[in-house]
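Since every read-out is calculated from the coordinates, none of them should be taken as a lab result. Worth saying up front: this structure is predicted, and the values here are computed from it rather than measured. In this analysis, Cβ positions are derived from the backbone assuming ideal geometry, glycine residues included, and neighbour counts consider all displayed protein chains.
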Amino acid sequence: MTHDPSSGFELPNFKIPHSEKIEWMIETRGWAVEIEPGCTYSIGFPEAFGFPDVAVLGMKPSGASSVLELVAEQLGAGVEIPLDTVVSGLFDGGLRSVFVTIDVESTSDRFATARAWRRGIEPTMVQLIWPDRNGWLPYESGADDEVRAAQPLIGRIPND
């Protein structure tokens, strides 16, 4: 334990290996959240919900974690989320989004923690593509340039 002189009590040692933190999250809620530069993603959705792990790119980690929690709640409630098809209802105001399949083998620079947790087996992943404030998805011609730049598409763009 470490001592916090301003409080007068001992704090627990939070320096545990990252892999143990991931295991703890999965053991306590069935899945984990991992943050990489520019990307926040789930680990354990296939086991918990029978749905691929979800990556959210270009969103602040706190917001992306909240979105992953929302997706987990929907999946846990039995909602069937289609892949590679534009859907409405996940975001307020009926804004559209899409869960697109990611070819994980072509993204060797991403998802290292998911690969490690799965002991080198490629994870099954989808990218949640989220809309700009006007409802445009980043691959659509009306999309906000900042949202388009912040949210690189690593999944396959659906045929609307």
Backbone HN-Hα couplings from phi across region 121-129 [Karplus 6.51/-1.76/1.60, Hz, Gly and Pro as x]: 6, 4, x, 8, 10, 10, 9, 8, 8
The chain: relative contact order as a whole-number percent, Cα under 8 Å and 6+ apart: 18 percent
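Taking neighbour Cβ counts within 10 Å as the exposure measure, how do 42, 62 sort from fewest upward? Write out the running numbers ahead of the final one.
Numbers: 42 30, 62 10.
With the fewest neighbours first, 42, 62 line up as 62, 42.
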Shape of the chain, Cα gyration tensor, a/c cut at 1.5: prolate
Principal axis box of region 51-137, alpha-carbon based, largest edge first, Å: 40, 27, 25
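Between residue 112 and residue 84, what length comes free when the chain is fully extended (0.36 nm per residue of separation minus the Cα-Cα distance, one decimal in nm)? Kindly include the intermediate steps, with their values, before the conclusion.
Numbers: separation 28, 0.36 × 28 = 10.08 nm, distance 2.39 nm.
Stretched fully, the residue 112-residue 84 segment lengthens by 7.7 nm.
Where does the chain land at 222 nm, in deg cm²/dmol rounded to the nearest 500, when only DSSP H runs of n ≥ 4 count, each adding -39500 (n - 2.57), divided by all residues?
Details: 5 runs with 45 residues, N = 160.
It comes out at -8000 deg cm²/dmol, rounded to the nearest 500.
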In sequence order, calculated HN-Hα J values of region 63-76 (Karplus, 6.51, -1.76, 1.60; Hz; x Gly/Pro): x, 5, 4, 5, 5, 4, 4, 4, 4, 4, 4, 5, 5, x
